[in-house]
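Following: one structure in C-alpha coordinates, then a few remarks.
The values are calculated or read from the model by the stated rules, or taken from the named source; none is laboratory data. None of the values given here were measured: they were computed from a predicted structure. We place every Cβ from the backbone using ideal geometry, glycine too, and count neighbours over all the protein chains shown. Calculation scope for accessible area: heavy atoms of the full protein, side chains included, ligands and nucleic acids excluded. Shrake-Rupley method; radii C 1.70, N 1.55, O 1.52, S 1.80 Å.
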Amino acid sequence: ERPLRRYPAQCIVKMKYGRRDEGFGSLGAFCKGMSPMAPASMTVNLADEDDKYMVWPLSYAPPGETEAPMDALGVEKSTGDPQWTKCEVIQLPSRVVAVRYLGDLSMGPVVKKNDRLLRESLQRDGLKAVETGTVVFAQYDAIYSMGKRREECWVELEDGGHPY
(Lines give C-alpha, C1' and ligand atoms only; values in the text may rest on other atoms or scores of the structure.)
Protein backbone atom coordinates (compact mmCIF):
# COMPACT_ATOMS: atom_id res chain seq x y z
CA GLU A 1 0.00 0.00 0.00
CA ARG A 2 1.27 3.46 -0.91
CA PRO A 3 -1.17 6.22 -0.01
CA LEU A 4 -0.83 9.77 -1.24
CA ARG A 5 -1.65 12.62 1.14
CA ARG A 6 -2.16 16.31 0.54
CA TYR A 7 -1.00 18.41 3.46
CA PRO A 8 -2.23 21.99 3.64
CA ALA A 9 0.19 24.86 4.13
CA GLN A 10 1.72 24.76 7.60
CA CYS A 11 3.42 27.01 10.11
CA ILE A 12 6.26 24.85 11.44
CA VAL A 13 9.16 25.03 13.84
CA LYS A 14 12.33 23.57 12.30
CA MET A 15 15.49 22.72 14.18
CA LYS A 16 18.79 21.05 13.29
CA TYR A 17 19.46 18.11 15.62
CA GLY A 18 22.10 15.50 16.39
CA ARG A 19 20.17 12.73 18.13
CA ARG A 20 16.42 12.31 17.77
CA ASP A 21 15.78 12.19 21.53
CA GLU A 22 17.61 15.51 21.92
CA GLY A 23 15.61 17.02 19.06
CA PHE A 24 12.34 15.99 20.68
CA GLY A 25 13.52 17.38 24.02
CA SER A 26 14.63 20.72 22.58
CA LEU A 27 11.50 21.19 20.45
CA GLY A 28 9.37 20.19 23.44
CA ALA A 29 11.01 22.90 25.53
CA PHE A 30 10.70 25.45 22.70
CA CYS A 31 6.99 24.67 22.27
CA LYS A 32 6.11 25.26 25.94
CA GLY A 33 2.94 27.36 25.88
CA MET A 34 2.14 26.36 22.28
CA SER A 35 0.12 23.49 20.84
CA PRO A 36 2.36 21.59 18.42
CA MET A 37 0.69 18.96 16.26
CA ALA A 38 1.65 15.58 14.84
CA PRO A 39 3.53 14.27 13.10
CA ALA A 40 7.13 15.13 13.82
CA SER A 41 9.08 14.80 10.60
CA MET A 42 12.81 14.36 10.19
CA THR A 43 14.81 15.24 7.08
CA VAL A 44 18.29 13.78 6.60
CA ASN A 45 20.69 14.92 3.89
CA LEU A 46 22.05 11.83 2.10
CA ALA A 47 25.37 13.54 1.28
CA ASP A 48 25.95 14.57 4.93
CA GLU A 49 24.02 12.53 7.47
CA ASP A 50 24.95 14.99 10.23
CA ASP A 51 22.85 17.58 8.35
CA LYS A 52 19.40 16.69 9.66
CA TYR A 53 16.34 18.64 10.73
CA MET A 54 13.28 17.94 12.82
CA VAL A 55 10.00 19.72 12.09
CA TRP A 56 6.89 20.08 14.25
CA PRO A 57 3.71 21.59 12.79
CA LEU A 58 2.35 24.50 14.85
CA SER A 59 -0.72 25.21 12.69
CA TYR A 60 -2.30 24.17 9.41
CA ALA A 61 -4.02 26.41 6.85
CA PRO A 62 -7.81 26.31 7.13
CA PRO A 63 -9.73 25.02 4.10
CA GLY A 64 -9.60 27.53 1.25
CA GLU A 65 -6.56 29.37 2.66
CA THR A 66 -3.04 29.24 1.20
CA GLU A 67 -1.13 30.07 4.40
CA ALA A 68 -1.31 28.76 7.94
CA PRO A 69 -1.66 31.19 10.83
CA MET A 70 1.80 32.04 12.16
CA ASP A 71 2.37 31.10 15.79
CA ALA A 72 3.11 34.47 17.41
CA LEU A 73 4.79 32.96 20.49
CA GLY A 74 6.97 30.76 18.26
CA VAL A 75 8.02 33.70 16.10
CA GLU A 76 8.77 35.79 19.19
CA LYS A 77 10.86 33.04 20.79
CA SER A 78 12.80 32.18 17.62
CA THR A 79 13.70 35.78 16.82
CA GLY A 80 13.96 37.41 20.24
CA ASP A 81 15.47 34.82 22.58
CA PRO A 82 19.13 33.82 22.03
CA GLN A 83 18.41 30.42 23.64
CA TRP A 84 16.26 29.50 20.62
CA THR A 85 18.41 30.67 17.70
CA LYS A 86 18.53 27.07 16.38
CA CYS A 87 14.74 27.06 16.02
CA GLU A 88 13.18 28.60 12.92
CA VAL A 89 9.42 29.28 12.63
CA ILE A 90 8.44 29.36 8.96
CA GLN A 91 5.64 28.62 6.49
CA LEU A 92 5.64 25.48 4.37
CA PRO A 93 3.44 25.47 1.26
CA SER A 94 0.81 22.82 0.63
CA ARG A 95 2.29 19.61 -0.72
CA VAL A 96 1.44 16.06 -1.71
CA VAL A 97 3.51 13.21 -0.28
CA ALA A 98 3.62 9.51 -1.05
CA VAL A 99 3.77 7.41 2.10
CA ARG A 100 5.34 4.07 2.93
CA TYR A 101 4.72 2.66 6.39
CA LEU A 102 7.84 1.54 8.21
CA GLY A 103 7.46 -1.95 9.59
CA ASP A 104 10.60 -1.63 11.67
CA LEU A 105 12.30 1.01 13.81
CA SER A 106 13.16 4.17 11.91
CA MET A 107 16.91 3.61 11.91
CA GLY A 108 19.05 4.92 9.04
CA PRO A 109 19.29 1.73 6.94
CA VAL A 110 15.55 1.00 7.36
CA VAL A 111 14.53 4.52 6.32
CA LYS A 112 16.90 4.54 3.31
CA LYS A 113 15.64 1.16 2.12
CA ASN A 114 12.00 2.24 2.40
CA ASP A 115 12.73 5.55 0.68
CA ARG A 116 14.32 3.62 -2.22
CA LEU A 117 11.39 1.19 -2.44
CA LEU A 118 8.89 4.05 -2.35
CA ARG A 119 10.73 5.95 -5.10
CA GLU A 120 10.87 2.80 -7.24
CA SER A 121 7.10 2.30 -6.89
CA LEU A 122 6.45 5.95 -7.76
CA GLN A 123 8.59 5.69 -10.90
CA ARG A 124 6.90 2.41 -11.90
CA ASP A 125 3.47 4.07 -11.57
CA GLY A 126 4.44 7.25 -13.46
CA LEU A 127 4.37 9.57 -10.43
CA LYS A 128 7.10 12.21 -10.21
CA ALA A 129 9.03 12.67 -6.98
CA VAL A 130 10.72 15.92 -5.99
CA GLU A 131 14.47 15.19 -6.01
CA THR A 132 16.00 16.74 -2.91
CA GLY A 133 18.93 14.50 -1.98
CA THR A 134 17.27 13.83 1.36
CA VAL A 135 15.15 11.20 3.05
CA VAL A 136 12.12 12.23 5.11
CA PHE A 137 10.42 10.14 7.73
CA ALA A 138 7.62 10.92 10.13
CA GLN A 139 6.94 9.79 13.67
CA TYR A 140 3.49 10.09 15.23
CA ASP A 141 4.24 8.67 18.67
CA ALA A 142 6.41 9.90 21.51
CA ILE A 143 10.01 8.81 21.08
CA TYR A 144 9.95 6.76 24.28
CA SER A 145 6.53 5.17 23.67
CA MET A 146 6.22 1.45 24.21
CA GLY A 147 4.80 -1.04 21.73
CA LYS A 148 4.20 -0.56 18.04
CA ARG A 149 4.87 2.98 16.81
CA ARG A 150 3.43 4.67 13.77
CA GLU A 151 6.37 5.69 11.59
CA GLU A 152 6.43 6.47 7.88
CA CYS A 153 8.76 7.33 5.04
CA TRP A 154 7.61 10.30 2.91
CA VAL A 155 8.49 11.38 -0.63
CA GLU A 156 7.13 14.69 -1.84
CA LEU A 157 5.61 14.68 -5.33
CA GLU A 158 6.09 17.35 -7.97
CA ASP A 159 3.20 19.67 -8.78
CA GLY A 160 1.48 18.00 -11.72
CA GLY A 161 3.42 14.78 -11.02
CA HIS A 162 0.36 13.10 -9.52
CA PRO A 163 -3.38 12.87 -10.23
CA TYR A 164 -4.40 15.18 -7.37
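Restricting attention to region 36-76, report how many residues are under 30 Å from Asn114 (Cβ atoms), polar (S, T, N, Q) and open to solvent by 30 Å² or more (accessible area, probe 1.4 Å).
Qualifying residue count, region 36-76: 2.
Conditions tested, residue by residue: (1) within 18 Å of Glu156 (Cα to Cα); (2) of a type outside the set (Phe, Trp, Tyr); (3) touching a Leu at 6+ places or on another chain (Cβ under 8 Å).
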position	(1), (2), (3)
Leu46	yes, yes, no
Glu67	no, yes, no
Pro82	no, yes, no
Val89	no, yes, yes
Ser121	yes, yes, no
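Which one of these does Leu117 not meet: (1) hydrophobic (A, V, I, L, M, F, W, C); (2) within 17 Å of the chain's Cα centre (by Cα); (3) more than 19 Å from Cys11 (Cβ to Cβ)?
All conditions are met except number (2).
Please go through region 1-30 and give me each residue that is of a type in the set (Gly, Ala, Ser) and either part of a loop (DSSP other than H, G, I, E, B) or open to solvent by 30 Å² or more (accessible area, probe 1.4 Å) (or both), ordered by number.
Ala9, Gly18, Gly25, Ser26, Gly28, Ala29
Which pairs have Cβ atoms under 6 Å, sit 6 or more apart or on different chains, and link a residue in region 1-17 that is under 28 Å from Gly64 (Cβ atoms) to one that is open to solvent by less than 50 Å² (accessible area, probe 1.4 Å) and part of a loop (DSSP other than H, G, I, E, B)?
Pro8/Ala61; Ala9/Ala61; Ala9/Ala68; Gln10/Ala68; Cys11/Ala68; Cys11/Asp71
Please go through region 141-158 and give me each residue that is in a loop (DSSP other than H, G, I, E, B) and at pLDDT 75 or above, ordered by number.
So the first thing to find is which residues in region 141-158 are in a loop (DSSP other than H, G, I, E, B), and the list is 141-150, 158.
Hits for region 141-158 are Arg150, Glu158.
Residue-wise test of (1) touching a helix residue (DSSP H, G or I) at 6+ places or on another chain (Cβ under 8 Å); (2) within 23 Å of Tyr17 (Cβ to Cβ); (3) not in a loop (DSSP other than H, G, I, E, B).
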residue	(1), (2), (3)
Ala68	no, yes, no
Leu73	no, yes, yes
Ser78	yes, yes, yes
Val111	no, yes, yes
Asn114	no, yes, yes
Leu117	no, no, yes
Gln123	no, no, yes
Ala138	no, yes, yes
Gly161	no, no, no
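Hey, does region 96-103 have a residue that's free of Cβ contacts under 8 Å to residues at least 60 places away in the same chain and either assigned to a strand (DSSP E or B) or under 24 Å from Tyr140 (Cβ atoms) (or both)?
Initial filter on region 96-103 (free of Cβ contacts under 8 Å to residues at least 60 places away in the same chain): 102-103.
Checking the rest, the ones that are also either assigned to a strand (DSSP E or B) or under 24 Å from Tyr140 (Cβ atoms) (or both) come to 102-103.
Yes, there is a match, as at least one residue in region 96-103 is free of Cβ contacts under 8 Å to residues at least 60 places away in the same chain and either assigned to a strand (DSSP E or B) or under 24 Å from Tyr140 (Cβ atoms) (or both).
With Thr132, Thr79, Thr85 as the choices, which residue is open to solvent by 50 Å² or more (accessible area, probe 1.4 Å) and within 16 Å of Ser41 (Cα to Cα)?
Thr132
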